[in-house]
Amino acid sequence: MPRYRAQQIARWLYGKHVDSLEEMTNLSLSDRRRLGEVAEIRAPRPREERVSADGTKKYAFLTDGGDVVEAAMIPDGERRTLCLSSQVGCRVGCRFCATGAMRLRGNLSAGEILNQYRSMPERDQITNIVYMGMGEPLDNLPAVIESARLLTAEEGYGLSNRRITLSTVGKPAPLARFLENCDVRLAVSLHTPFQEQRRELMPGTRGYDLLELMQLLRRRAYGDSRRVTFEYVMLKGVNDSPEHADATAELVSGMRTRVNLIPFHPWDGNDMQPSLPAQIEQFRARLERRGVTATVRASRGLDIEAACGLLATKHPG
Ligand code: SAH
Ligand code: SF4
């Protein structure tokens with residue numbers, strides 16, 4: 001086919017969101033037929049939708065493999081944030097995360113990741129996209145890179161790269177590769193400044209060196225103005241002590257960064273406890289006193305299990 005066809009097809013797919021090749025009316029009939037021999041458009045709508053009292057919505061999508069993945073839409077003033085999944089389950093196995101307790105059931109294709117955006121009802125109102133749903137994005141690197149590029153590419157969905165955030169535990173080698181290919185915002189799940197404890201809490205980080213990760217992040221946050229956010233789930237008596245706050249401040253000192261404290265969301269079958277609000281506030285203030293910008297994330301969608309770390313497949317197949 002002539003080269004300009006590629007752009008025409010992209011426009012139909014990402015601009016007009018067509019559901020079939022037949023709708024690509026500026027392609028000749030024979031080109032549409034040839035395309036049909038090697039490709040199809042499969043964009044399943046969510047099969048289930050739940051709405052939280054706070055307006056957060058959770059959508060369940062069926063994967064090609066017959067599993068269910070979830071995406072959440074979180075309204076906040078003018079903002080509409082879509083929280084995407086990259087895998088069914090997760091093999092990092094963090095002790096506080098319901099997705100981790102599922103273990104890994106499978107990777108999503110780039111199409112399955114993008115379809116959570118493409119086929120959700122509020123698509124045209126979405127202002128921000130975060131890869132913070134089920135899965136560790138860097139464990140599904142090719143599909144995640146492809147999806148992030150198509151979200152931001154001019155010939156793709158054309159969204160601003162500043163409105164897309166990848167959340168990851170930050171394995172250095174795949175993270176470096178991701179950063180070579182995609183320029184989006186980064187949120188790194190830290191959860192403790194102490195490597196040994198981190199390996200306990202997040203078993204999938206055992207083979208990785210925290211200081212190597214920090215070096216990589218420092219290079220990125222230093223060379224230009226791209227600031228990295230750290231996420232820190234507040235677990236009572238586990239990682240919420242003044243020593244943890246001080247060591248965290250030390251670890252990130254001199255970086256343009258923000259530490260986002262996330263109240264732990266308890267779930268059935270897990271015996272960890274959330275830190276008390278006063279403890280979280282002390283921790284936040286202690287970081288601030290040491291020059292680190294720190295915020296507390298509001299919990300959203302708790303009543304429908306759409307909040308961070310609660311996405312897990314309970315649906316019957
Ligand atoms: N795997 C990636 C992205 C998905 S998890 C990552 O870990 O960064 C998104 C965020 O939810 C992470 O910061 C994670 O630590 C947090 N989270 C997991 N379980 C949680 C829970 N039970 N309560 C609150 N936050 C949780
Ligand atoms: Fe996986 Fe993230 Fe959950 Fe850890 S917190 S198990 S990396 S999804």
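The values are calculated or read from the model by the stated rules, or taken from the named source; none is laboratory data. Keep in mind that what you see is a predicted model, and the values were worked out from it rather than measured. When we count neighbours, we look across all protein chains shown, and the Cβ atoms used for this are built from the backbone with ideal geometry, even at glycine. Accessible surface areas use protein heavy atoms only, side chains included; no ligands, DNA or RNA. Shrake-Rupley method; radii C 1.70, N 1.55, O 1.52, S 1.80 Å.
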- Task: Using only Cα atoms, tell me the angle between helix 210-223 and the longest principal axis of the chain; keep it within 0 to 90° and round to the nearest 10.
- Result: 70
- Task: Throw me the Rg/Rh for the stretch 96-240, computed over C-alpha atoms with Kirkwood Rh, two decimals.
- Result: 0.96
- Exposed GluC sites (Glu not before Pro) absent - longest run of the chain, DSSP non-H/G/I/E/B, at most 13 other C-beta within 10 Å: 155-317
- Take every Cα pair under 8 Å in the stretch 1-145 that's 6+ residues apart, average their separations, divide by the length, and report that relative contact order as a whole percent. 19
- In cubic angstrom per residue, the convex hull of the stretch 44-304 built on its Cα atoms measures 129
- Query: Which of these, ASP31, ASP240, ASP303, has the largest mean-square fluctuation under a Gaussian network model of the chain (Cα springs below 10 Å)?
  - Reply: ASP31
- Query: Which whole-angstrom value gives the distance between the alpha carbon centres of the stretch 250-307 and the stretch 165-184?
  - Reply: 22
- Rounded to the nearest 500, what is the 222 nm mean residue ellipticity of the chain from helices alone, with -39500 (n - 2.57) per DSSP H run of 4+ residues and division by all residues? -9000 deg cm²/dmol
- Query: How big is the Cα convex hull of the stretch 1-41 in projection, averaged over all directions, in nm²?
  - Reply: 2.6
- Message: Calculate log10 I(q)/I(0) of the stretch 211-274 for q = 0.12, 0.14, 0.15, 0.27 Å⁻¹, where I(q) comes from the Debye formula with a single equal point scatterer on each Cα and nothing for solvent.
- Response: -0.39, -0.51, -0.57, -1.15
- Message: Nothing charged except the Cβ atoms of Lys and Arg (+1) and of Asp and Glu (-1): what's the magnitude of the dipole of the chain about its Cα centre? Round to the nearest 20 debye.
- Response: 600
- Task: Please report, largest first and rounded to whole Å, the three semi-axes of the ellipsoid equivalent to the stretch 1-138, where each semi-axis is the square root of five times an eigenvalue of the C-alpha gyration tensor.
- Result: 32, 19, 12
- Give me the percent of DSSP beta bridges within the chain that run antiparallel, rounded to the nearest 5. 40
- Query: Residues of the chain: accessible area per residue at 1.4 Å, in Å²?
  - Reply: 48
- Leaving out ligands, DNA and RNA, what percent of the accessible area of the chain is carbon and sulfur, probe 1.4 Å? 48
- Query: For the chain, what relative contact order do you get, as a whole percent, if you take Cα pairs closer than 8 Å and at least 6 residues apart?
  - Reply: 16
- Item | Dipole of the chain, positive end: most advanced residue of SER119, ALA306, ALA143 [Cβ charges, Cα centre] | ALA143
